[in-house]
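Participant: Pasting a structure here, questions to come.
Coordinate-derived values only; no laboratory data. Please read all numbers here as calculations on a predicted model, not as lab measurements. With ideal geometry, Cβ positions are generated from the backbone for all residues, glycine too; neighbour counts draw on all protein chains shown.
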Amino acid sequence: MHIRKLTGLFGAEISGADLRDPACFDAIKEAFIQYSVIVIRGQRLTPDDHLAFARRFGPINVNRFFTKLESHPEVALVLKEKDQKGAIGEEWHTDHSYDVAPATGSILHALEVPPHGGDTVFVSMADVFESLSEPVRRMLRGLSAWHSSRHVFGETQGNSEAAQSGRIGNAALATQDVLHPVVIRHPLSGREGLFVNPQFTTRIEGLLPGESAAILEMIYAQCRKPEYQARVSWNVGDVTMWDNRATWHKAINDYHGYRRYMHRVTVEGCALQPAQA
Ligand SMILES: [Fe+2]
C-alpha cells in the first residue's frame, strides 16, 4: 500500500490497497484520521463489499433524504443524469451537520464518471481554525451554532429539480434544528476544528443576526482560500472517504450532458464536544 499526500495540509491518495481485505483496514483507518480525506484508487466494490468496509468503521447511517439503492437501502445514490442540470451537494457543506450526532464520514464509490470534470473539493476545518488569530480563536471556542436541514431538504424544496426527479425526498422529515459547538475537539484526532458550514448552519446562538452573519462570513472567507482546500478527480472504481467532523466538501457541477453515478455509504457518528471540554 502506498500513501501520497494530496496537499501540504490534508488529503491523501492510497494505491495498492484492496478495501475488501480486512488486513488493509488498520492502515486505512489511520490514514483517515491523519489526512481527513482519503482517495483509494482502483476498487471494484459490490454494494455488499462497500457496506462491509463501512461497517468496520461503525454502524451505517441511512440518509433519510437521498434515494436509496433498491436492493441495499443503506446505500444512497449520488446521481446526475446527462439531461439534468443540478448536482447533489453543489454548495459547500458538511454531510449530516443537521443531525444531533453528525455522521463520522461518508464513503463514495464512483461507478460512472463524466469524461471531464465532476471533481469534489474539500476544505480542512482544523487547518482553517489554526490559521485564525488567537483572540478570534478564543472567541469562537465559546460559541455554539444552529444547524438545520429544513431549508435544504424540507417542504420548500418540492419544486427543485432534485426533488422533482426523485433524487431527494422525505421532505416532511426535515424538521429538526440542532445546536453544535462552533469549535469542536475532534473525537478521533483530538484536533480543534471549526464545525459550521454555509449550507446547514443557520446562525450562531445568542448573537445579533448581523454579528452572527459577519462572524460566519469571516470563517467562510478563510475556507474559500485554495490554501486550505484539496481537489479530488475521479476515475471509475475510486473510493473517497471524508471525515465530516474535519472537512467541508462540494461537488463541481461542470459536466452537463454526461452521467455521473456513485454509491454513498455513511458511517454513524457521535454528539460533538466543544474544544475547551
Ligand atoms: Fe455531501
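Participant: Give me the extension gain from Cys270 to Asp18: residue separation times 0.36 nm, minus the current Cα-Cα distance, reported in nm with one decimal.
Facilitator: Stretched out fully, the Cys270 to Asp18 stretch lengthens by 87.9 nm.
Participant: Quick check for me: using +1 on Lys/Arg Cβ and -1 on Asp/Glu Cβ, what's the dipole size of region 2-267 about its Cα centre, in debye to the nearest 20?
Facilitator: In debye, rounded to 20, region 2-267 gives about 140.
Participant: Related question: Can you list the HN-Hα couplings for region 115-128, worked out from phi with the Karplus curve (6.51, -1.76, 1.60; θ = phi - 60°), rounded to whole Hz and with x for Gly and Pro?
Facilitator: For region 115-128, the Karplus-derived couplings read x, 8, x, x, 5, 10, 10, 10, 10, 8, 6, 6, 5, 4 Hz, x marking Gly and Pro.
Participant: How large is ³J(HN,Hα) for each residue in region 234-248, as worked out from phi by the Karplus curve 6.51 cos²θ - 1.76 cosθ + 1.60 (θ = phi - 60°), to whole Hz, x for Gly and Pro?
Facilitator: 9, 10, 4, x, 5, 10, 10, 10, 10, 8, 5, 8, 10, 9, 9
Participant: So which DSSP H runs in the chain come out at 20 Å plus along the axis (Cα) with average Kyte-Doolittle of at least 0.5?
Facilitator: Counting only whole DSSP H runs, the qualifying helices are 209-223.
Participant: In region 48-130, which GluC sites (Glu not before Pro) fall in coil by DSSP and have 12 or fewer other Cβ atoms within 10 Å?
Facilitator: Here the GluC sites (Glu not before Pro) that fit, given the DSSP loop and packing criteria, are Glu70, Glu81, Glu91.
Participant: Taking 7 Å along the Cα-to-C-beta vector as the label spot, tell me the Gln34-His2 distance in nanometres, rounded to one decimal.
Facilitator: Label at Gln34, label at His2, 1.6 nm between them.
Participant: Run the helix sum for the chain: -39,500 (n - 2.57) per DSSP H stretch of 4+ residues, divided by residue count, reported at 222 nm to the nearest 500 deg cm²/dmol.
Facilitator: -6000 deg cm²/dmol
Participant: Sorting Cys24, Cys270 on the 10 Å Cβ count, fewest up front, what's the list?
Facilitator: Going from sparsest to densest Cβ surroundings: Cys270, Cys24.
Participant: Among Arg260, Arg138, Arg20, Arg203, what is the fewest-to-most ranking by other Cβ atoms within 10 Å?
Facilitator: The most exposed by this proxy come first: Arg138, Arg20, Arg203, Arg260.
Participant: Can you grab the distance from the C-alpha centre of region 120-151 to the C-alpha centre of region 60-93, Å, no decimals?
Facilitator: Region 120-151 and region 60-93 have Cα centres separated by 26 Å.
Participant: Measuring from label point to label point, each 7 Å out along Cα→Cβ, what is the Val62 to Ser189 span in nm?
Facilitator: The two pseudo-label positions are separated by 3.2 nm.
Participant: Here's another thing I want to ask about it. How high is the relative contact order of region 2-267, given as a whole-number percent (alpha carbon pairs under 8 Å, six or more residues apart)?
Facilitator: That works out to 36 percent.
Participant: What residue among Leu9, Val178, Phe66 has its Cα farthest toward the positive end of the dipole of region 2-267, where the charges are +1 on Lys, Arg and -1 on Asp, Glu, each on the Cβ?
Facilitator: Of Leu9, Val178, Phe66, it is Leu9.
Participant: Additional query: Assuming 0.36 nm per residue, please report the length gained on full extension of the stretch Arg224 to His116 beyond their Cα-Cα distance.
Facilitator: Extra length available between Arg224 and His116 comes to 36.6 nm.
Participant: Let me ask something additional. With 10 angstrom as the radius, rank Ser71, Ser148, Ser124 by how many other C-beta atoms surround their C-beta, starting from the fewest.
Facilitator: Ser71, Ser148, Ser124
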